[in-house]
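For reference, the structure is listed below as structure tokens.
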Amino acid sequence: MELTNNKFVLDFVKKYADLMQPDQIVWIDGSKKQLNELTKEALSTGEVYKCNSKLLPGCLYHRTAVNDVARVEGRTFICTSTKEMAGPTNNWMAPAEAYAKLDAIASGCMKGRTMYVIPYSMCKIGSPFAKYGIELTDSIYVVLNMAIMTRVDKKVLDKIVEGDFVRGIHSKVQLDAENRYICQFPEDNTIYSLNSGYGGNVLLGKKCFALRIASYQAWKEGWMAEHMLILGVQKPNGEIKYITAAFPSACGKTNLAMLIPPECYTAKGYKVFTVGDDIAWLRKGRGGQLYAVNPENGFFGVAPGTNAKSNPNALASTQKGTIFTNVVYNPKDKTVWWEGLDKNPPKNVLDWKGNKWSGGMVDEEGKIIKGAHPNSRFTAPAKNCPCLSSEFENKKGVPISAIIFGGRRAKAAPLVYEARDWKHGVFIGSIMASETTAAATGAVGVVRHDPMAMIPFCGYNMADYFQHWLDMGKKCKNRPKIFNVNWFRTDENGNFMWPGFGDNMRVLDWILERCEDAVDAVETPIGYMPKPEDINLEGLNMTTDDLKKILDCDKKVWLAEAADIENFYATKFGDTLPKELYAELKKLKKNLRKRS
Ligand code: SAT
Ligand code: MN
């Protein structure tokens, strides 16, 4: 039964029902009852499997098609009226061409299937940050995931004013990789995704809406949509300071967002609270400060490597009401497993492809066969998280003291450095580079430029996006300070030089002290760096000399880096790049020469 009289919504549903020809249309109201019925149906068809109701109550297991395990950046398009609007970092298709192409693929694709109509909100319904969407899909897995990741609720339909909602069209079609398309139409508030069943391609509230479409909306409306976690650090005096941090996919955002400080901090009363692990929407608020909300309602985290030591909060979040995708499944006791969960991989179970698998199995060349896909995921409700911030539902967001950029860099980037000012901070964000991960299809471990970790997610011309960052700085008189971190420096033998995880608290501590002007820094050609003695190493098996090695700024390496940035700027953006960023690059080169 239709749940609204809104003509714009009804016309949208009818248009795609006429095209895709589902046998029936089911409106999702967000109720437990309906979700339970859909779960039962998905269990009966094998779309999902049940998990152990004692050990993992309410949890489900799912496998995607083997050719459909990550985002497909090569098949993701920004469909704006001109190519220039999409800019040099996006694939572009003209809207008319894209609609025609996708309509042809979608024609009749839901015959014999049900079309689900999902009304959902990004952010708490009624928040000044909130944006509403409707996703059409033929996948119960998508409905169940959306119900965890967003606020799926029939009440959303009453909030939608006329045609002001993001239209999401998804069909698995035949899961044909050759005809897989993830198209965003920012000028039409529309997302059209065909032939995939993998998270980032089909949970349209996430990357497609909350980043690609929202970044465009934010540009037009004067706010920001960023690929950032949000965390709060509570100090012994009870005061809580909030930080956002942008890292590319699968670089530890979830781990940082949920970190447990080392003993020497917890003993003093420090605590970390999670507001978000992937996406932040930021607006200017009271006192000219930036305020951030997490528009999502759950975590779509990378499973491998998550364990009771690396991220106990994430692990706890997955113990009920969670959907596991592409991990190992034990059909006997209905438990799940992934590499790095513990040292006891199960025997005689099923791997992420559904093949018989036992821990320790090797291929003909003697290489270990992994049981879980490296980009296997858990979809966990935020409310499960033991360290979820009490401000998670705050409609106005939390005030941000510091913004951190970071990537996965074996060399070059030091453990931490601070921007001299906002403009320099935007420059630092724009020169971010990181080794690629399994979160997207393609080679893993190749360094690529990924400004603000937004390369796969910026819904418009990135030169305009940089300008928007510069403008937001001018608009907010009480700006956050900007930092860069790198947890992934390696030594000559390829070993990580910094312990990471909970010990990253030591770096956050320095960052917050800088925000309060409570500690000095050393001016270097690339920005302000900590004096080694100002990073607290208490309880760590590490000396100040070890630390110096990860805090160094090797001029030769940085001159090469500067040349690489110059090349990136020139070949990608040419004279469309804001002049301020070229000026910052010039300053960097001058600083490096001056002091060498
Ligand atoms: O894009 S996903 O939502 O699948 C996860 C990621 O790449 O960050
Ligand atoms: Mn992400």
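Residues in the stretch 256-275 that are within 22 Å of Met122 (Cα to Cα) and touching a helix residue (DSSP H, G or I) at 6+ places or on another chain (Cβ under 7 Å): Met258, Thr274.
For first residues located in the stretch 196-208 and closer than 9 Å to Glu135 by Cβ and assigned to a loop (DSSP other than H, G, I, E, B), partners that are small (Gly, Ala, Ser) and more than 9 Å from ligand 1 (Cβ to nearest atom) and lie 6+ apart or on another chain with Cβ distances below 9 Å form the pairs Leu204/Gly133; Leu204/Gly168; Leu204/Ser193.
Yes or no: Gly222 open to solvent by 10 Å² or more (accessible area, probe 1.4 Å) and touching a Lys or Arg at 6+ places or on another chain (Cβ under 9 Å)? So Gly222 fits the description; yes.
Listed by first and then second residue, the pairs with beta-carbon distance under 7 Å, at least 6 apart or on different chains, first residue in the stretch 298-317 and in the same structural domain as Trp352 (by TED's automatic domain parsing) and farther than 12 Å from Arg377 by Cβ, second open to solvent by less than 30 Å² (accessible area, probe 1.4 Å) and within 14 Å of ligand 2 (Cβ to nearest atom), are Asn311/Thr254; Ser317/Phe299. Does the stretch 407-424 contain at least one residue that is over 30 Å from Asp545 (Cβ atoms) and open to solvent by less than 30 Å² (accessible area, probe 1.4 Å)? Scanning the stretch 407-424 turns up at least one residue that is over 30 Å from Asp545 (Cβ atoms) and open to solvent by less than 30 Å² (accessible area, probe 1.4 Å). When restricted to residues that are outside any helix (DSSP H, G or I) and among the polar types (S, T, N, Q), the stretch 567-596 contains 1.
Output the residues belonging to the stretch 157-190 that are among the hydrophobic types (A, V, I, L, M, F, W, C), touching a residue at least 40 places away in the same chain (Cβ under 8 Å) and more than 16 Å from ligand 2 (Cβ to nearest atom). Talk me through it step by step, then tell me what you get.
If we filter the stretch 157-190 for residues that are among the hydrophobic types (A, V, I, L, M, F, W, C), which is where we start, we get 157, 160-161, 165-166, 169, 173, 175, 177, 182-183, 185.
Still in the list and also touching a residue at least 40 places away in the same chain (Cβ under 8 Å): 157, 160, 165-166, 169, 173, 175, 177, 182-183, 185.
Of everything in the stretch 157-190, those that are among the hydrophobic types (A, V, I, L, M, F, W, C), touching a residue at least 40 places away in the same chain (Cβ under 8 Å) and more than 16 Å from ligand 2 (Cβ to nearest atom) turn out to be Leu157, Ile160, Phe165, Val166, Ile169, Val173, Leu175, Ala177, Cys183, Phe185.
Looking at (1) in a helix (DSSP H, G or I); (2) in contact with a Lys or Arg (Cβ under 7 Å, 6 or more places away or on another chain), which one does Asp545 not meet, given that it meets all the others? Among (1) in a helix (DSSP H, G or I); (2) in contact with a Lys or Arg (Cβ under 7 Å, 6 or more places away or on another chain), Asp545 violates only (2). Among the residues of the stretch 225-252, those that are out of contact with any helix residue (DSSP H, G or I) (no Cβ under 6 Å at 6 or more places or on another chain), open to solvent by 10 Å² or more (accessible area, probe 1.4 Å) and assigned to a strand (DSSP E or B) comprise Gln234, Ile240, Tyr242.
Among the conditions (1) within 16 Å of ligand 2 (Cβ to nearest atom); (2) within 20 Å of Glu84 (Cβ to Cβ), Ala453 misses just one, which is (2).
Collect the residues in the stretch 447-464 that are among the hydrophobic types (A, V, I, L, M, F, W, C) and under 19 Å from Gly200 (Cβ atoms), keeping them in residue-number order. Once the filter is applied, which keeps residues that are among the hydrophobic types (A, V, I, L, M, F, W, C) and under 19 Å from Gly200 (Cβ atoms), the stretch 447-464 yields Met452, Ala453, Met454, Ile455, Phe457, Cys458.
If the requirement is being at negative phi, within 26 Å of the chain's Cα centre (by Cα) and buried (at least 24 other Cβ atoms within 10 Å of the Cβ), which of these qualifies: Asn179, Asn145? Show your work before the answer.
Working: Asn179 fails: buried (at least 24 other Cβ atoms within 10 Å of the Cβ).
Unique residue meeting the criteria: Asn145.
One residue stands out among those in the stretch 38-65 that are under 29 Å from Thr190 (Cβ atoms) and either modelled with pLDDT under 95 or of a type outside the set (S, T, N, Q) (or both): the one that is most open to solvent (accessible area, probe 1.4 Å), which is Glu41.
Once the stretch 465-520 is narrowed to residues that are open to solvent by 30 Å² or more (accessible area, probe 1.4 Å) and small (Gly, Ala, Ser), the residue that is nearest to the chain's Cα centre (by Cα) is Gly494.
Among the strands (runs of 3 or more DSSP E) confined to the stretch 255-345, the ones with at least 1 residues that are more than 19 Å from Leu55 (Cα to Cα) and either within 16 Å of ligand 1 (Cβ to nearest atom) or over 23 Å from the mean Cα position of the chain (by Cα) (or both) are located at 271-276, 280-284, 298-302.
Across the stretch 9-29, the number of residues qualifying as in contact (Cβ under 8 Å) with a residue 40 or more places away in the chain and either in a helix (DSSP H, G or I) or open to solvent by 30 Å² or more (accessible area, probe 1.4 Å) (or both) comes to 13.
Scan His424, His449 and give me the residue that is closer than 27 Å to Lys531 by Cβ and either without any contact (Cβ under 8 Å) to a residue 40 or more places away in the chain or more than 16 Å from ligand 1 (Cβ to nearest atom) (or both).
On the way: His449 fails: closer than 27 Å to Lys531 by Cβ.
Only one candidate qualifies: His424.
The values are calculated or read from the model by the stated rules, or taken from the named source; none is laboratory data. Just so it is clear, the model here is predicted, and its values are computed rather than measured. Ideal geometry is used to build each Cβ from the backbone, glycine not excepted, and the neighbour counts take in all protein chains shown. Quick note on the areas: whole protein, heavy atoms, side chains included, nothing else; ligands and nucleic acids left out. Shrake-Rupley method; radii C 1.70, N 1.55, O 1.52, S 1.80 Å.
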